[in-house]
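Participant: Below is the structure I would like to discuss, written out as C-alpha cells.
The values are calculated or read from the model by the stated rules, or taken from the named source; none is laboratory data. Remember, it's a predicted structure, so these values are computed and weren't measured experimentally. Glycine gets a Cβ as well: all are built from the backbone with ideal geometry, and neighbour counts include every protein chain shown. Note: areas computed on protein heavy atoms with side chains; ligands, DNA, RNA excluded. Shrake-Rupley method; radii C 1.70, N 1.55, O 1.52, S 1.80 Å.
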Amino acid sequence: MSDAASAGDSIFIEIEMSDAVASDPELATKLQEVCPVSIFKATDSGPEIVVSQLDECVLCELCVEAAPQGGIEIIKKYG
Amino acid sequence: MRFFEFEARRIVEQAGIPVTSYGFCTTPDEAREAAAEIGGPTVVKSQVLTGGRMKAGGVKFADTPDEAAAHAEEILKLEINGHMPRGVLVDPKAEVKQEYYAGVVWDGTAKKPLMLFSDMGGIDIEQVAEEHPDHVGRGHISNLDPVFDFQAKEVIAATGVTGSQLNRATPILARLAELFRDGDMLLAEINPLAELTDGRFVALDAHMEMEDEATGRQAELLREKLGIAEDDTRDTYVPSEFERRVKAIDAADHRGVIQGKDHNFDGNLGLVIGAGGGSLTLTDAVRSQGGKPANYSEIGGNPSVAKACGLAKEVLQKDGVEKIAVMMSIVSNTRVDIVARGVIKACLELGRDPSEAIAVFRIPGAWEDEGARILDHYGVEYYDRSVSLWDAAGRAVEKVQGAS
Ligand code: SF4
C-alpha cells in the first residue's frame, strides 16, 4: 500500500491506496467522478489525494467499491 | 421590504385607487416643473424611509413653482433620522372635506388579512383604536377567495359612514385588500384617504410594506412597474463583523446552512445550535437557567465539516467566550459525526483542547454512533436523546460558570 495521505494534515480521515490503484489513470478518473466531496484528483499517472478535503469524507465508500477489492482503505484516525 | 411614499402611491394607483396628480422629483428643476403642471399651491415632501418628516422640516408648502423648487433644494439636502432622501414628492395642496383611514394588515393570530377603516383619518390608527374604538371598523378577508365589496362595506359601515361616502369608500378598501393579498404585503395603508370638497375620494398618502420572502415572486411589480433594483433591499440592519464573517462562510459553500447573530449578546457561552426550532428553544433554555449566551446561531441542512468548523471558530473567537455548547434537537438530515468533526477541528485549529472548549455536545440523530466515537476520542462530554435540550443547556451553563 502507498500511504498517499499520510504526509497531509487531515485530522480525522486518512486514505490508503494500493500501488496498482495509485498508478491507474483510468481508475483515477472514475474516483474523481464518484467521490462526492472531491477527495480524488485524476492525473496522468493515477489518482492523487486532495489532502485539504480528507476531513470532508462522508464515509460513503463509493471509492472503495469503484476500486478493485482491497485497493482503497478508509482509515478513521479517531479509532 | 418597505416602500417610499412615491412608490406606495404608484402601487395604489396601479390598483385602480384614485390619487391626486403628483410628481416624484430628484432635482429642484423637476420639482418646479411638477408644481407648474399640478397648478396652484403644492406640498413638497421628503422621500425617506423614516417617520418624523414634518417635525424635521421635510414637508413644506409652496404657493408657486419657484417656491416648490426652493423647498425641494432644501429638503433634498436634509438628513432625517440618519436617512438622506431618495427625492421629493410634489403633491397638490388638496381641498379636503374629511379625512378617513383605510388599511389592511396581516393578522398573525387569525392567519388572515384584516381590513381596517376609520372615519378619523390623518392620525395614527393605533391612537384612534385606543381612544375612539367605535370609530374603527374591522373585518378579515380570505387568503384565497376574491374580496367582495360587501365585506369592505360592512367594515366601513361599522364606523357610522353612510350614503355616498360609504359607496365611494367601499371599492377603495376592497381594492386595497386585493392589492395587499396579491402583492404579498404585510401592511397596506392609505392615511389619509381624503374626501375632497367636490365629493371625490383620493389617496393622499400611502404606506406599503412587502413580505421580504416575497420579493422574488413579486419581481414584475418591483422591477418592471416600480423600477426597484434587485440589490435595493431597503434593509437598514447593519450586521456586525461576526455576522458578516459567518455569512461569508455560509455563502462560500452550498452544503448546509449556518447563520450567526450577536447583536445584544455579550455572554461567555458560545452557542453552536440548531435543528427544527432548536436554536430558539436552546437560547431560551440557556438564559432561563442563568446562562449568558455570546451569540445566537443556526446550523442545519447537513453542512460540510468546513462550514461547521467555520461557525464554531467564529463563535470561539468572539470576545468573552469561554466555552461553546453544541446542541440540537434530533437531526435526521444533518449528520452528527460531520458536526462533531467540524467543532473539534475548530478547537484544534485555534489551539484549544476540545474537551475543555466544548462544554457539552448534545446532537442525537443521523450517524450519532460515529459522532459519539469521535467525541469520545477527544474527551468531549456527549449527550444523546435521553438528555433533554433543557438539561443539556443547564449542564452547559453549569460548566461555563465553573460549577464542575
Ligand atoms: S468514502 Fe466516499 S467521501 Fe470518502 S473518499 Fe471515498 S468516495 Fe469520497
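Participant: With every protein chain present, what accessible area does B:PHE3 have (1.4 Å probe, heavy atoms only), rounded to the nearest 10 Å²?
Facilitator: It works out to around 10 Å².
Participant: Write down the accessible area per residue of chain B in Å², having rolled a 1.4 Å probe over the full set of protein chains.
Facilitator: For chain B, the solvent-accessible area averages 45 Å² per residue.
Participant: Only Cα pairs under 8 Å and at least 6 apart count here; give the relative contact order of the range B:21-93 as a rounded whole percent.
Facilitator: 46
Participant: Separate question: With N set to the number of residues, divide the alpha-carbon radius of gyration of the range B:1-133 by 2.2 N^0.38 Å and report two decimals.
Facilitator: 1.16
Participant: Could you tell me the largest-minus-smallest coordinate of the C-alpha atoms of the range B:335-404 on each of the three principal axes, in descending order and whole angstroms?
Facilitator: If we take the Cα atoms of the range B:335-404, the spans are 30, 28, 14 Å.
Participant: Where Lys and Arg each count +1 and Asp and Glu each count -1, what net charge lies around B:LEU114 among other residues with Cβ under 11 Å from its Cβ?
Facilitator: Details: positive: B:LYS111, B:LYS112, B:ARG138; negative: B:ASP107.
Taking every other residue near B:LEU114 into account, the sum is +2.
Participant: If you bin the C-alpha pair distances of the protein assembly as shown every 10 Å from 0, what whole percents do you get?
Facilitator: Once binned at 10 Å, the Cα pair distances of the protein assembly as shown give 4, 16, 18, 16, 15, 14, 10, 6, 2, 0.
Participant: In what sequence, highest mean first, do B:191-200, A:46-55 appear when ranked by Cβ atoms within 10 angstrom?
Facilitator: Details: B:191-200: 17.6, A:46-55: 20.2.
For the peptides B:191-200, A:46-55, the packing ranking is A:46-55, B:191-200.
Participant: Also: Looking at the range B:241-376, what % of its DSSP beta bridges pair antiparallel, to the nearest 5?
Facilitator: 30
Participant: Determine how many Å³ per residue the convex hull of the Cα atoms of chain B encloses. Please list the in-between numbers first.
Facilitator: On the way: hull volume 70.1 nm³, N = 404.
In chain B, the Cα convex hull volume per residue is 174 Å³.
Participant: Okay, moving on. Tally the DSSP beta bridges in chain B and give the antiparallel ones as a percent, rounded to 5.
Facilitator: That works out to approximately 75 percent antiparallel.
Participant: Using amide H atoms built in the peptide plane, which far-off residues or other-chain residues are under 5 Å from B:ALA206 H to H?
Facilitator: Amide H neighbours of B:ALA206: B:ASN191.
Participant: For the range B:1-56, divide the Cα radius of gyration by the Kirkwood radius and give the resulting Rg/Rh value with two decimals.
Facilitator: Result: Rg/Rh = 0.97.
Participant: Could you name the lysines whose alpha carbon sits less than 22 Å from that of B:LYS77, not counting residues in the same chain fewer than 8 places away?
Facilitator: Hits, sequence-local ones excluded: B:LYS45, B:LYS55, B:LYS60.
Participant: So if I take the centroid of the Cα atoms in the range B:107-147 and the same for the range B:331-348, what is the distance between those two points in Å?
Facilitator: Distance between centres, Cα-based: 49 Å.
Participant: To the nearest 10 Å², what's B:MET210's accessible area with a 1.4 Å probe?
Facilitator: For B:MET210, solvent-accessible area is about 0 Å².
Participant: Give me the inter-chain shielding for A:54-66: mean count of other chain Cβ atoms within 10 Å, whole number please.
Facilitator: 3
Participant: Would you kindly compute the Cα radius of gyration of the range B:131-200 and its largest Cα-Cα separation (Dmax), both in Å?
Facilitator: Expressed in Å, the Cα Rg and Dmax of the range B:131-200 come to 12.5, 37.
Participant: Next question. For chain B, what is the relative contact order in percent, using Cα pairs closer than 8 Å and at least 6 residues apart in sequence?
Facilitator: With pairs under 8 Å counted, the relative contact order is 11 percent.
Participant: How much accessible area is lost when chains B and A come together, counting both sides, with a 1.4 Å probe, in Å² rounded to the nearest 100?
Facilitator: Answer for the B-A pair: about 1300 Å² buried.
Participant: Per residue of B:374-386, count partner chain C-beta atoms within 10 Å of its C-beta, then hand back the mean as an integer.
Facilitator: 1
Participant: Return, for the Cα atoms of the range A:2-76, the radius of gyration and Dmax in Å, separated by a comma.
Facilitator: According to the Cα coordinates of the range A:2-76, Rg and Dmax are 10.7, 29 Å.
Participant: Sum -39500 (n - 2.57) across every DSSP H segment of at least 4 residues in chain B, then divide by the residue count to get the 222 nm mean residue ellipticity, nearest 500. Don't jump to the answer; show the numbers that get you there.
Facilitator: Numbers: 14 runs with 148 residues, N = 404.
Helix-only estimate at 222 nm: -11000 deg cm²/dmol.
Participant: Right, here's the next one. How many percent of the alpha carbon pairs in the range B:240-319 exceed a separation of 22 Å?
Facilitator: Every Cα pair in the range B:240-319 considered, those over 22 Å come to 18 percent.
Participant: While we're on this one: Solvent-accessible area of B:ARG245, probe 1.4 Å, all protein chains present, reported in Å² to the nearest ten, please.
Facilitator: Probe radius 1.4 Å; accessible area of B:ARG245 about 110 Å².
Participant: Sticking with this one: Counting partner chain Cβ atoms within 10 Å of every residue's Cβ in B:63-69, what's the average? Don't jump to the answer; show the numbers that get you there.
Facilitator: Values: counts 0, 0, 0, 0, 0, 0, 0.
Mean shielding by partner chains, rounded to a whole number: 0.
Participant: Here's another thing I want to ask about it. Would you tally the net charge around B:ILE299, using a Cβ to Cβ cut-off of less than 10 Å, leaving B:ILE299 out, and scoring K and R as +1, D and E as -1? Don't jump to the answer; show the numbers that get you there.
Facilitator: Working: positive: B:LYS307; negative: B:ASP250, B:GLU298.
With Lys, Arg at +1 and Asp, Glu at -1, the net is -1.
Participant: Sorted by accessible area (1.4 Å probe), largest first, how do B:TYR237, B:TYR382 line up?
Facilitator: Numbers: B:TYR237 95, B:TYR382 60 Å².
These residues rank, largest area first, as B:TYR237, B:TYR382.
Participant: When ranked by the protection proxy of mean other Cβ atoms within 10 Å per residue, highest first, what sequence do the peptides B:281-287, B:248-254, B:320-326 form?
Facilitator: Ranking, from highest mean packing down: B:320-326, B:281-287, B:248-254.
Participant: Let me ask something else. For the range B:21-93, just the Cα set please: Rg and Dmax, both in angstrom.
Facilitator: 10.8, 33
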